[in-house]
Each structure stands twice: as structure tokens, then as C-alpha cells.
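Reading through the C-alpha cells given below for one structure.
No value in this document is a laboratory result; all are computed from the given coordinates. Note that the structure is a prediction, hence the values are computed from the model and not measured. Positions of Cβ are generated from backbone atoms using ideal geometry, with glycine treated the same way; all protein chains shown enter the neighbour counts.
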Amino acid sequence: MKRCVLSAFALLGLSALTHAQEPVKPAFGHSMQGEAFNEGPRQKAVLMKGIPKIEFPTSTKNKKAQQFFEQGVAQIHAYWYFEAERSFRQAADLDRDFAMAYWGMARANVNNRTRAKGFAEKAVEKRGNASKREQGYIDAIALFANGKNDEYIAALRKLVADNPLDIEATAQLAHELQERAFDKPRQDEVERLAQEVLATNPMHPIHHYRIHLWDRPENTNALDSAHKSGLSEQASAHMWHMEGHIYTQLKRYGDAAVSQEASARVDHAHMSRVQIIPDQIFNYAHNNQWLAESLEFTGQPQKALEVARNLVANPRHPKLNVPNGFSGSASQGLPRLIETLERYELWEIALAEKIESVPSKTEQERNRLRLLGCAAYATGKRGQGMAYLDELTKLKDSEKAIAAVKCYAALGENNTVEASKHLDAAGLPAEREALIRLQLGEREKALTLAQSAVKSRPNQVLPQAALVRVLHANGKLDQAKAELEKLRPLAARAELDTPLLAALAPVAQQCGAAGDWRGTPPADPLALPRPKIEGLGPLSWVPPVAPGFSLKDGNGKKVSLKDYAGKPVIVLFFLGAACERCMEQINAFAAEAESFRKAGFEIVAISPDPQDEVKKMKPFPFPILANPDLKTFKAWRTFDDFEDMALHGTFVVDPAGKLRWMDTGFAPFTDAKFVLGEAQRLLSR
């Protein structure tokens with residue numbers, strides 16, 4: 001609307017525009033460059049190891065700016081959009097007239113057209129500094145940002161036609177077409193474009209796009225890219241994760257588990273470097289729940305539980321990670337925790353786990369109660385079993401879950417007739433039902449179920465192990481031995497002490513595989529050497545050490561983070577007494593200060609105001625410290641390196657001085673009660 005009004009005035013030739021009012025000053029913490037710059041990274045980028053070499057010539061004369069720009073392009077190919085935007089912002093900071101840096105910021109926001117449009121407008125504004133080829137990129141992204149998808153693709157096609165040697169233009173077109181490759185002609189076109197890029201650079205991260213392209217029944221087409229994806233951009237967790245898509249499609253669960261574990265470790269290493277919490281990373285929870293599932297398929301329940309527990313324990317945030325959400329750590333970790341415990345019949349562990357109840361998620365709550373009810377009856381705790389059964393009856397559509405629990409209740413009483421009747425209605429996984437049928441003496445039915453389990457879930461350890469046991473129990477020793485040979489490579493990393501696999505020991509011994517009967521993973525002659533997985537990073541998120549501070553309050557008293565050693569403390573960074581939203585936050589925490597104190601937490605707030613201004617503030621039930629040189633703001637990464645300005649920040653520091661929860665950005669976090677509850681949860685684990 002504003003642009004239309006200005007155009008009208010221009011047409012009328014009104015010189016009054018030259019006397020227009022000065023732009024309104026942004027709110028505290030907001031970017032001076034516009035709303036698009038509020039979100040996303042506000043701290044400087046570094047040139048990372050493990051980023052592929054990208055050849056993308058531009059008009060900038062600043063060598064460092066060019067390096068950061070090409071790093072951003074590589075990160076775009078990995079869908080590592082947050083870090084790509086950081087790299088492009090760094091490039092723009094080094095060269096303020098670098099139009100393509102703003103193209104990059106827009107391209108890094110393909111999932112947020114509002115922000116993409118703001119960045120594209122900046123690129124267009126600086127378009128005159130760019131070459132004709134670069135202008136083609138800028139004009140194209142402006143079309144995308146304005147919702148003109150078909151015109152965007154047409155502009156990319158023209159860019160490729162005009163610049164046949166520019167493989168990055170080809171890669172950009174391949175990406176856009178791959179997103180819409182719904183028929184074979186389009187798939188074939190994307191494949192041709194990808195092969196043109198790979199002919200020039202065999203380790204180009206376009207392998208990522210090929211995996212998406214063939215992540216369907218024709219998945220063998222992308223096996224070569226699955227071998228190379230993580231290696232092509234080792235710093236990006238998502239590139240390792242994408243390999244797992246193809247390996248899982250091909251039922252190569254051992255390879256999928258390795259790829260997903262690499263993804264998790266790379267993510268966790270990056271979090272430590274840039275001081276963020278897990279769910280700030282795109283697809284983090286999805287990657288890790290997939291890892292837990294892959295570990296479950298390969299006979300590693302304890303490691304799967306470790307991953308699931310890590311997800312459940314991760315810091316929660318109302319915008320990023322809540323148990324009743326869909327994509328955060330808690331909402332992804334709880335189902336995996338329940339599933340692994342039940343499928344591996346880890347009953348004692350299940351009862352001791354204190355699995356969180358999420359009543360709004362009916363199916364998950366049903367599964368939780370079924371697990372606990374079966375576990376209680378299986379371990380002779382009938383009173384607990386009856387209580388869980390009673391809770392199950394209050395949930396809709398729980399007939400199968402109730403039948404499963406009643407089956408275990410009957411088994412505990414050696415009532416085989418009742419157990420069999422309830423088992424018929426329980427709808428349990430075929431391999432699990434097979435072993436219960438075996439226990440009930442229904443050997444032929446058990447064999448049919450075990451065979452169907454292997455057929456429907458090939459190459460998974462549990463169904464294959466169940467088939468070996470059932471065949472052995474039916475006296476079919478030769479067949480049991482043959483199926484054990486199939487199981488051995490699948491179980492190469494299996495945990496043999498888990499009960500369902502430990503039960504195979506006497507069977508394996510009779511089949512001539514006494515002791516450690518596991519085999520070696522299947523060899524693939526096309527696979528490339530990989531780095532040692534433990535060297536990529538930790539398996540779970542490790543809270544970083546708080547940077548510390550030593551500052552004076554309004555009266556000149558020095559206060560240090562070391563003063564709170566052995567105690568948990570809430571550290572608030574606010575933007576001074578003149579910031580209205582900041583004072584809302586300070587007052588909100590002041591209102592809850594007694595609750596924090598009773599729970600054992602101290603509070604301290606840090607302001608950019610000088611000491612004499614801090615002294616003028618009204619008294620608060622916690623120290624207000626002066627940091628006019630902003631060194632502490634910078635150390636805690638509550639600072640915009642690109643615009644040289646302080647940002648809002650809220651932190652939970654545990655008694656060991658680790659940062660267990662954090663929120664930083666252009667707006668203050670004002671929900672003091674949430675912070676208290678989450679801090680208590682985190683420190684209780």
C-alpha cells in the first residue's frame with residue numbers, strides 16, 4: 001500500500017515527498033534494516049570445515065565476502081537454511097553493496113515467503129551493482145518471493161540457457177523442478193540436470209536433491225547419492241540424515257542407523273559451537289526419532305532408548321518443543337520411548353521410566369497405558385496392572401489395548417484359554433504375537449505369524465529372531481539354522497544381552513553359533529570410506545558452559561556468576577529502563593521472584609545502561625547489573641554482530657554452570673512461570 005501511494009504522489013509531481021517524515025525507529029531489539037532481519041541469525045558466521053567447495057563467481061571484490069557467499073550456497077543445497085542465512089548476512093556485512101548476498105538470504109527463506117520477499121526487495125534495491133548474470137538470479141528470486149512460481153521456473157530456465165557453464169544455475173533449476181517432479185518426464189529432466197552438475201563436480205551436494213527425487217519405489221536410482229550425500233557436506237547433519245531415507249527404503253537398516261547417528265552427532269557438535277538448544281535446528285527431532293527407529297530395527301534397544309530419552313529430556317520451548325506438539329523433541333521422543341520398551345518387552349525398565357502422560361494425544365496415551373499395563377502384569381504387579389487397565393477403559397477406541405493388557409493378566413494366572421481369547425483381539429505385532437502363541441503351545445499358529453512378520457518387515461532383527469526361535473521350537477532345526485544365518489549380519493550391532501535376543505543363545509549354540517553369534521555387516525563395494533562416527537560429535541545434546549560475568553549493580557557492588565556456584569540461576573538480559581517490553585519482562589519475573597526463590601533459583605538481570613542509570617531504577621527483588629560496554633551481552637551471544645546492537649536473552653544456568661535453557665532474539669521472553677516450570681523439570685532429570 002505504501003509503495004502505491006508513493007507512486008501516485010510521484011506521478012502528481014508533489015515535491016512534498018522530499019519532506020516526508022523520518023522513518024519510525026524500530027523497537028528495541030528489532031533490526032534497523034526491516035522486519036525480515038528480526039528473525040534468523042544475528043551473530044556472525046565463521047568459515048566451517050566440512051563445507052564443499054562451490055564455484056559461484058560474483059561481482060564482489062571482497063574475498064572473504066565471496067567465501068561466505070559460496071559457503072551459504074553450499075548450505076542452501078543442504079537445506080541448512082538458518083546457517084546459510086548467517087553466511088549470507090556475513091557476506092553482506094563485509095560488502096554492503098553485495099546484491100547477491102541478499103539473493104542468498106531470500107533463497108534461504110524459501111519456506112517463509114514473507115521474509116524471502118523482504119530480502120528479495122533488498123537484492124533488487126542493490127541490483128545495479130550486479131552483473132547481468134547475477135541480475136538474472138535476482139530477478140528470478142523476486143518472482144518467487146511474490147508467489148509467481150511458474151514465472152520463477154521460467155526465469156531459472158532462461159538463466160541456465162544464457163549461462164550453460166554455470167552449474168549453480170543448473171543446480172537451482174534442478175531443486176525447483178525436483179520439488180514438483182510428479183511425473184516421469186519431470187523426474188528424467190531433474191536427473192539429467194543433476195548428472196550435468198555431477199559431471200563437473202562428482203561430490204556436489206546436489207546428491208541431496210537426487211535423494212529427494214528418487215525417495216520412492218525407484219529408490220535404487222539414488223543409492224550412489226546415498227553413499228555420497230553426507231561425505232559431500234560433512235558439516236551438515238541433514239546431508240547425513242538424507243542417506244538414511246534411501247537406506248531405509250532399501251531395508252538396509254544398519255546403514256540407515258549409521259547415517260542417522262552421524263546426523264545426530266554432527267547436529268550436537270554444531271549446537272555446542274553456536275550455543276543453541278536442539279529444537280532450534282530444522283528437522284532435528286525428526287532426524288533423531290528416525291535414528292531411534294533404525295536402532296530398534298537393528299536390535300539395539302538400549303541405544304534407541306538413550307536417543308529417545310535424550311529427545312524427551314531436551315529443553316522445551318512454547319514455540320519449538322512441547323509434548324502435545326507434532327515436530328519437537330518431546331512429541332517425537334515419547335512415542336519412540338514407548339514403542340521400543342514394548343517391542344523389546346523391557347517391562348521392568350518401563351515401570352521405572354516414569355513416562356510422561358500427554359492426555360491430549362489420545363493414541364500416544366493409549367499406547368503408554370497399554371505398555372505399562374502389560375509390564376505390570378508381566379512382572380506380577382497385578383495391582384498396578386488393574387489401575388492401568390482402569391485408566392484404559394476411560395479412553396475411546398481402546399478395545400485392542402485393553403485386550404493386550406488382559407492377555408498378559410491371563411498369562412500371569414496361567415489361564416491359557418483366556419490369554420488366547422484376548423490375544424485374538426489385541427492386534428499385537430505379528431512377531432510378538434508369535435512368541436506368545438508359542439508360550440501358549442500354539443506352535444503352528446506361531447510359525448505362521450512369525451513367517452508373516454518376516455515377510456512384512458524384512459531385514460529387521462526382531463521378526464527374524466522370532467522366526468528362528470519358533471522354527472527351533474517346532475523342531476525344524478535346519479530351517480532355524482538357515483534363518484539364523486540370515487539374522488547374523490542383520491544383528492551385527494545388536495545388543496545380545498537384551499532379553500528377546502538373549503533367549504536366542506541356546507538356539508544359536510545348537511545351530512553351531514555358540515557365544516557371540518552376531519555376523520558382520522553386509523559389505524558394499526560401492527560405499528566410500530567414512531570418518532569415525534564417534535569423532536563427529538556427541539550422541540546427545542551437551543549443555544554448553546555459561547560464559548560467566550562480573551559486573552556492578554547500581555550501588556557499585558560487584559556481582560559475579562561465580563557467586564552463584566552450586567546454585568541454579570536465571571539470567572535475564574534486557575535492553576534498559578527505556579525499553580517498555582523489557583520492563584514487562586523484568587516485572588513479570590519480579591512478580592514470580594518468591595516462587596523462584598522457594599524452588600531454589602536465584603535471578604539476576606543485566607542491562608546495557610550505565611551504572612548511574614541502573615541506580616535510578618526502582619528496586620527489584622534481584623540484582624540489576626550494568627554492562628554499558630556490552631562485552632557480557634556479546635559473550636552470551638545476546639548481541640547482533642551485524643548491526644552492533646544488544647538483544648534480549650533469558651537463560652537457565654544449572655548448579656554446575658551449564659546453560660540448560662535459553663531464549664534470545666528481538667523480543668523478550670516474558671512467561672516467567674514457564675521458565676520456572678521448565679527449569680525445575682530440566683534440573684530434576
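Annotation: amide H of VAL559 within the under-5 Å range of LEU551, LYS552, ASP553, sequence separation 5 or more or interchain, hydrogens built in the peptide plane.
Applying 0.36 nm per residue to the separation of GLU444 and SER272 and subtracting their alpha-carbon distance, the gain on full extension is 56.5 nm.
Going by neighbour counts of Cβ atoms within 10 Å, the residues THR362, THR379 line up, fewest first, as THR362, THR379.
Between GLU348 and LEU395, the modelled labels are 2.6 nm apart [label points 7 Å from Cα along Cα→Cβ].
On a 0 to 90° scale, report how tilted helix 81-94 is relative to the longest principal axis of the chain, with both axes built from alpha carbons and the result rounded to the nearest 10. Tilt relative to the chain: about 20 degrees. The value of relative contact order for region 458-574, using C-alpha pairs under 8 Å at least six residues apart, is 17 percent. Rounded, prolate or oblate: which fits region 446-521, taking a ≥ b ≥ c as square roots of the Cα gyration tensor eigenvalues, rounded meaning a/c under 1.5, else prolate when a/b beats b/c? Oblate, because a/c is 1.5 or more while a/b does not exceed b/c.
Between GLN195 and MET617, what is 0.36 nm times their sequence separation minus the Cα-Cα distance? Round to one decimal in nm.
On the way: separation 422, 0.36 × 422 = 151.92 nm, distance 6.51 nm.
Full extension of this stretch gives 145.4 nm more.
Across region 446-521, C-alpha contacts under 8 Å between residues 6 or more apart give a mean separation that, scaled by the residue count, equals a relative contact order of 27 percent.
Helix 167-178 and the longest principal axis of the Cα set of the chain meet at an angle near 50°.
Taking amide H as placed 1.01 Å from N in the peptide plane, ASN321 has no amide H partner under 5 Å among residues 5 or more places away or on another chain. Counting only DSSP H runs of at least 4 residues, each contributing -39500 (n - 2.57), and dividing by the residue count of the chain, the helix-based mean residue ellipticity at 222 nm comes to -17000 deg cm²/dmol. For region 117-153 versus region 49-71, the spacing of their alpha-carbon centroids is 19 Å. As a length-normalised measure over Cα pairs under 8 Å and 6 or more apart, the relative contact order of the chain settles at 10 percent.
Taking the charge dipole of the chain about its Cα centre, with +1 at Lys and Arg Cβ atoms and -1 at Asp and Glu Cβ atoms, the residue from GLN172, ALA403, LEU561 reaching farthest to the positive side is LEU561. Phi angles across region 101-108 convert, under the Karplus curve 6.51 cos²θ - 1.76 cosθ + 1.60 with θ = phi - 60°, into 3J(HN,Hα) values of 5, 6, 4, x, 4, 5, 5, 6 Hz, Gly and Pro given as x. When the C-alpha to C-alpha distance is required to be over 28 Å, the pairs from LYS117/LYS319; LYS25/LYS616; LYS361/LYS455 that qualify are LYS361/LYS455.
Set the Förster distance to 60 Å, then compute FRET efficiency between THR114 and ASP516 from the Cβ-Cβ distance, nearest 0.05.
0.55
On full extension, the segment bounded by ASN149 and ASP478 gains 112.3 nm, given 0.36 nm per residue less the C-alpha separation. Fewest-first ordering of GLU534, GLU243 by other beta carbons within 10 Å of each residue's beta carbon gives GLU534, GLU243.
Cα axis of helix 382-392 to longest principal axis of the chain: angle in degrees, 0 to 90, nearest 10? Taking the Cα atoms of the chain, the angle to 382-392 is about 50 degrees.
Stokes-Einstein diffusion for region 543-685 at 10 °C, viscosity 1.306 mPa s, with a Kirkwood radius from C-alpha pairs, works out to 106 µm²/s. Let me know the longest stretch in the chain that avoids all chymotrypsin sites (Phe, Trp or Tyr not before Pro) found in a DSSP loop with at most 10 other C-beta atoms within 10 Å. Longest gap between qualifying sites, sites excluded: 327-685.
In this simple spin-label model, placing a label point 7 Å from the Cα along the Cα-to-Cβ direction at both ALA523 and LYS61 gives a separation of 5.8 nm.
Considering only C-alpha atoms, what is the centroid distance from region 618-685 to region 563-616, in Å? Computed from Cα coordinates, the inter-centre distance equals 9 Å. As a proxy for reagent exposure, CYS374, CYS579 were ordered by neighbouring Cβ count within 10 angstrom, fewest first; the result is CYS579, CYS374. How would region 483-544 be classified by its alpha-carbon gyration tensor: rounded, prolate or oblate, with rounded meaning a/c under 1.5 and the a/b versus b/c comparison settling the rest? Since a/c reaches 1.5 but b/c is at least a/b, the shape of region 483-544 is classed as oblate.
Distance between the pseudo-spin-label points of GLU306 and ALA27 (7 Å out from Cα toward the beta carbon): 4.4 nm. Output needed: percent of Cα pairs per 10 Å distance bin for the chain, bins running from 0 to the one holding the longest distance. Per 10 Å bin, starting at 0, the Cα pair percentages come out as 3, 13, 20, 21, 19, 14, 8, 3, 1, 0. Here the 3J(HN,Hα) profile of region 112-126, calculated from phi with Karplus coefficients 6.51, -1.76 and 1.60 at θ = phi - 60°, is 9, 4, 4, 5, 4, 5, x, 6, 4, 4, 5, 5, 5, 4, 9 Hz, Gly and Pro shown as x. Note on LYS49/THR416: beta-carbon distance plugged into 1/(1 + (r/R0)^6) with R0 of 45 Å gives a FRET efficiency of 0.15. Using the Karplus relation 6.51 cos²θ - 1.76 cosθ + 1.60 with θ = phi - 60°, the per-residue 3J(HN,Hα) values for region 525-530 come to x, 8, 5, 9, x, 10 Hz, with x marking Gly and Pro.
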